[in-house]
1. With the Cα gyration tensor of the stretch B:321-476 giving a ≥ b ≥ c as the square roots of its eigenvalues, does the rule (a/c under 1.5 for rounded; else a/b larger than b/c for prolate; else oblate) give rounded, prolate or oblate?
2. Can you compute the modelled spin-label distance between residue B:281 and residue B:75, with each label point 7 Å from Cα toward Cβ, in nm?
3. How far is it, in nm, from the label point at residue B:191 to the one at residue B:466 when both lie 7 Å from their Cα along the line to the Cβ?
4. Cα axis of helix B:179-204 to longest principal axis of chain B: angle in degrees, 0 to 90, nearest 10?
5. Other chains near A:3-14: what is the mean number of their Cβ atoms within 10 Å of each residue's Cβ?
6. When only C-alpha pairs under 8 Å and at least 6 residues apart count, what is the relative contact order of chain B, in percent?
7. Could you calculate the FRET efficiency of residue A:30 with residue A:303 from 1/(1 + (r/R0)^6), where r is the beta carbon distance between them and R0 is 25 Å, rounded to 0.05?
8. Cα extents of the stretch B:147-251 along the three principal axes, largest first, in whole Å?
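Where a number appears in this text, it was derived from the coordinates with a stated rule and is not lab data. Not measured: the values here are computed from a predicted model. Quick reminder, even Gly has a Cβ in these numbers, built from the backbone with ideal geometry, and neighbours come from all protein chains shown.
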């Protein structure tokens with residue numbers, strides 16, 4: 001019975017957690033490269049070197065003694081994002097959209113006092129949000145104004161695009177749309193909606209929330225399918241180049257589309273989740289194996305790899 | 001499967017099973033933990049009354065069982081507490097000496113577990129000089145005795161012994177003694193009593209003799225020891241009942257406690273009121289009893305056995321050896337089944353703690369502490385404490401909760417509550433913090449699911465490590481750790497699906 005279930009998963013080309021860890025992450029991601037993606041500051045510096053656009057960096061708080069100085073560093077910026085440099089799963093991130101009477105207004109409209117912000121920074125520095133519980137840094141960077149292409153299927157917050165890149169080739173993609181339940185955050189485990197993207201055409205497919213498939217956004221009620229993702233080829237290229245940048249063979253690339261600046265690299269993930277398969281109604285394994293059989297010469301440049309993905313991973317038109 | 005890991009795993013299995021094989025085939029270890037050995041429990045309670053002034057030292061001496069051929073004292077325990085207990089070998093006997101200055105007179109008790117192993121009967125030792133007690137009676141009585149037994153000089157030793165024993169009942173084997181001798185003999189018997197008269201007769205026939213106090217092994221409670229006489233036939237000891245002269249058949253098991261005339265229990269500095277011995281048959285797993293063989297063996301693996309280390313350290317290893325079983329379970333439950341848990345090894349520590357609290361109490365306390373701790377954590381959230389003091393605060397709260405539980409337990413006599421201190425408090429505190437963060441970030445349902453997963457894994461692990469034979473098996477065959485390492489290598493190479501993924505990817509599995 002169980003074996004048959006396993007077989008049907010295998011037949012659907014589903015990548016399981018154990019196989020992802022053993023045969024992809026452990027095999028293609030060198031331990032020494034992990035810090036490059038686990039620390040968002042390092043990722044930012046690296047992106048700068050490779051000419052990949054990222055949200056602007058305003059300030060970094062590294063020590064408890066510097067917490068008091070964060071406001072001076074902000075000058076009169078009204079909006080910014082506060083996040084831990086080594087946080088995982090979107091935890092510890094606060095989006096500030098305005099400042100009023102010495103208080104800060106968050107994305108969801110909540111008023112936060114200066115003391116609360118300081119407390120939060122102190123938490124970040126203590127490592128409470130960091131992946132290994134190590135001491136951390138607090139990063140303050142520019143707020144993103146999302147392109148309105150996903151406006152109708154987003155409940156507050158910033159939607160982001162996740163692309164799984166295997167050996168430099170974009171293998172699967174989805175866009176993560178915040179919902180009321182996810183509190184404006186684009187994290188699937190908090191209840192955000194994941195919508196698959198047809199790599200070949202740059203158009204959205206159906207969605208997933210938690211483990212169930214959906215076709216309409218739960219809050220706005222708009223259809224998820226067939227939204228054309230702008231800058232699609234550019235995003236695929238950024239994704240393909242992330243592998244050259246980090247040396248990681250199995251990678252999750254998170255991008256946002258800014259109204260003014262276009263696609264920006266938000267962060268990289270050396271242990272990307274498997275939910276993307278549900279968003280695409282498709283197992284990853286088949287594509288990973290296709291990439292393993294791809295002709296050698298396409299691995300030479302990121303442009304060729306992105307083009308190969310567009311050519312090979314188009315959904316059959318329905 | 002990656003080849004090197006597979007080979008390494010096979011190598012580990014080979015090491016484990018060849019060591020076990022060696023123990024089973026060459027050293028004769030039992031393979032099945034269910035086989036039972038013949039074991040007797042002896043409990044002795046001595047009641048006395050102090051005499052004279054207060055503060056006078058009391059000394060109680062009692063003959064105790066000792067290991068000898070075919071019989072091993074597996075365990076002995078002094079349960080009296082206030083008196084100092086020493087073992088004192090005295091000639092053939094093992095004397096227990098209790099001494100001290102007890103507040104009030106009273107009772108002392110002692111318990112021994114004796115393992116009978118008739119198959120392992122070593123060749124009986126020929127008697128030493130202590131088996132030739134001083135000649136009893138005057139010269140003329142000696143001469144009568146010698147004349148009486150001389151008529152059986154041609155008989156074999158065992159037959160001669162039977163003939164002499166029969167005289168206690170007044171039966172004289174052919175040829176009959178003359179009336180004069182017989183008359184003199186019944187006078188001697190009257191004078192010394194049946195037991196001593198029998199010894200005189202046996203000594204006259206040059207048999208080495210021992211007077212023995214002890215017990216015939218039947219389930220019983222006694223206030224007087226059985227007495228018998230042991231005589232050496234040249235090959236083995238024969239035992240007869242002193243009062244009747246009846247020979248004990250071989251099927252009867254005897255537990256000697258004292259050889260010679262010394263009373264079995266004496267009290268100086270006090271008045272002996274009563275001694276109560278109780279004998280009960282016990283079932284003891286055969287593996288535990290293997291301690292006996294192992295302790296004396298000179299074989300390599302016998303000497304390198306955990307049975308050879310002192311008792312209090314053995315206890316530690318009994319628990320330590322459970323940890324690998326526990327972590328193996330965790331690996332299976334997480335990587336093959338796919339349970340979500342707080343922290344990786346938290347459930348193992350919980351499972352170990354459940355051994356003292358019991359499963360339902362343990363889970364209840366776990367749930368209670370985490371719930372109250374969560375509410376507390378919510379309460380202090382607005383105080384904006386720094387991380388380390390905050391976690392320390394939670395740890396202190398957990399210890400406080402333990403203290404309250406223990407006090408409640410002692411008030412109502414619930415041992416399970418008092419054992420609460422064995423729960424892993426640091427892990428519990430971290431669980432509270434993680435639970436709080438998970439509720440904040442992913443919602444209560446995810447947090448509760450993870451908590452339930454942790455509890456389930458802890459409960460399953462507990463059930464597995466509670467299997468007594470399994471525990472004992474690891475203690476007897478610590479080389480099984482190699483097998484666990486082999487299994488972990490295999491598990492570490494498992495790249496198949498988790499059971500939980502059947503549900504997670506149901507949408508995908510349904511389609512072709």
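1. Values: a/c = 2.23, a/b = 1.30, b/c = 1.72.
Oblate, since a/c reaches 1.5 and b/c is not below a/b.
2. Spacing of the two 7 Å Cα→Cβ label points: 2.0 nm.
3. For the pair residue B:191/residue B:466, the computed spacing is 7.1 nm.
4. Taking Cα atoms only, the helix is inclined about 30 degrees.
5. On the way: counts 0, 2, 8, 7, 2, 8, 9, 3, 4, 7, 1, 8.
Averaged over the peptide's residues, the number is 5.
6. 20 percent
7. 0.50
8. 45, 31, 19
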